[in-house]
Amino acid sequence: MKKLLPILLMFTLFLSACSAAEDSAAKGKEYKIGILLSDTGLGDESFNDSAFRGLEKARDELDILFDYKEAPDGNFEKPLDELVKEGNDLVIGLGFSVQEALEKTAEKYPDQPFLLIDAVSELDNVVSLTFKEHEGSFLVGMLAAMTSKTGKLGFIGGLDVPVIHHFENGFIQGAKHVNPEIEISIEYAGSFGDAALGGKIAEKQIAEGADFIYPAAGFTGFGALKKAEERGVLAGGVDSDQYFVAEKAVAASMMKNIDVAVFHMAKTLAENGKIEASSYEWGLAEDGVGLSEVRVISLTEEQKSLLKKAAEEIIDGKISVKAEK
C-alpha cells in the first residue's frame with residue numbers, strides 16, 4: 001500500500017496538470033470572426049463602419065482575428081459560405097437583408113455559430129441581435145421639435161421595412177412629445193444606396209417648409225444630410241455620429257451602437273468560447289442606442305433637462321415608445 005501512494009499521487013498530479021493545460025489552451029485560443037457587411041459596404045459613414053470599428057477594437061483588445069466580406073452584387077450566400085470555410089468561430093450577417101441567405105447557410109452548416117444583426121431568426125445556431133431604434137429616435141424627434149422654427153419636419157426612410165419604421169415612429173412620438181401640433185413629412189426612397197435620390201427628397205421636404213431632416217436611409221441618407229447643409233437647415237444622423245458628413249447641418253445623431261454590441265459579442269465568445277443567449281435586444285438601458293453630442297445649435301438648460309428626463313423615463317418605463325404604429 002505504501003508503494004501505491006506515490007503512484008496514486010503522481011497519477012493525481014498528472015491529471016491536474018492535464019486539466020490545467022486544457023484550461024490554459026482554452027483561454028489561449030485564438031478566436032476568428034468573419035462578417036458580411038450590409039448592401040452599401042465599408043465606407044458608408046454609418047452602419048457598416050460602426051460594426052467594423054467594433055471588430056477592430058476586438059482585434060486590438062482581445063487579440064481576435066477577423067475578416068470581412070462585401071456583396072455589392074447582392075449575392076450574400078457566396079461570401080457567407082466563404083466565411084464558414086475559412087474556419088471562423090463566429091460568422092456575422094449585418095442587416096435584415098442578409099437574413100434569408102444567412103439562414104440558408106446556417107441550415108447547410110448546423111454546427112457553425114452565426115450572429116444576425118437587425119433581424120430575428122428562429123434557427124438554433126443563429127444568435128439574433130436587434131436594437132430599439134425607436135427609443136433613440138424619440139430623442140432626435142424631441143430635439144427636432146425643440147429647434148424647429150417652421151413647425152415642419154422631414155423623415156426619409158430607405159426601404160419600407162419594420163426596422164426603418166422604428167426610426168420613423170420614434171421620431172414622430174418624440175417630436176409630438178414636445179409639440180403635439182408639429183407636422184412631419186414622411187417619404188421612403190426605396191433604396192439605401194442612392195445619395196442623389198436622398199438629396200432630391202430632402203430638397204422637396206425643405207421646399208415644403210421642413211427645417212429639420214431625419215434620414216434613416218444609409219447612403220441615401222448621406223445625400224439628404226448634404227442637401228440639408230446646402231440649404232441651411234438642420235438634420236439628424238443615424239447609426240454613427242454623422243456630424244462630419246455635414247458639419248453645418250447635423251445637430252445630433254441617433255447612435256445605434258453596433259460597434260459596442262459587436263465588441264460585446266466578441267468578448268463573450270473570447271471569454272466563454274460561445275454565446276449562450278439566443279437573442280438580444282438593446283435599447284437606451286443597455287447603451288444600445290442613444291443621442292450623440294449636440295452640435296451646431298445651442299440648447300437652453302431647460303431643453304437639455306427635458307432630453308435628459310425623457311431618456312431616464314424611457315429607461316424607467318414611464319415613457320413607452322412604440323416601435324410600430
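Remarks
- Selection status of residue 65, modelled with pLDDT under 95, among the aliphatic types (A, V, I, L, M), over 30 Å from residue 315 (Cα atoms) and surrounded by fewer than 21 Cβ atoms within 10 Å (Cβ to Cβ): no
- Here region 224-239 is the region considered, the condition is being part of a helix (DSSP H, G or I) and either surrounded by fewer than 24 Cβ atoms within 10 Å (Cβ to Cβ) or among the aromatic types (Phe, Trp, Tyr) (or both), and the residue that is nearest to the chain's Cα centre (by Cα) is 226.
- The residue list 207, 195, 189 contains one member that is buried (at least 22 other Cβ atoms within 10 Å of the Cβ), modelled with pLDDT of 95 or more and not aromatic (Phe, Trp, Tyr), which is 189.
- Total residues in region 240-298, condition buried (at least 17 other Cβ atoms within 10 Å of the Cβ) and part of a strand (DSSP E or B): 12
- Matching residues in region 87-98 - criterion: being surrounded by fewer than 23 Cβ atoms within 10 Å (Cβ to Cβ) and in contact with a strand residue (DSSP E or B) (Cβ under 6 Å, 6 or more places away or on another chain): 88, 89
- Selected residue [under 17 Å from the mean Cα position of the chain (by Cα) and either more than 15 Å from residue 185 (Cα to Cα) or hydrophobic (A, V, I, L, M, F, W, C) (or both)] from 164, 156: 164
- Residues of region 44-92 classified as within 20 Å of residue 254 (Cβ to Cβ) and not in a helix (DSSP H, G or I), total: 3
- Positions within region 231-289 being of a type in the set (Val, Ile, Thr) and free of Cβ contacts under 8 Å to residues at least 24 places away in the same chain, in sequence order: 268
The values are calculated or read from the model by the stated rules, or taken from the named source; none is laboratory data. What you see is a predicted model; the values in this text were computed from it and never measured. As a convention, Cβ positions derive from the backbone with ideal geometry for all residues, glycine included, and neighbour counts pool all protein chains shown.
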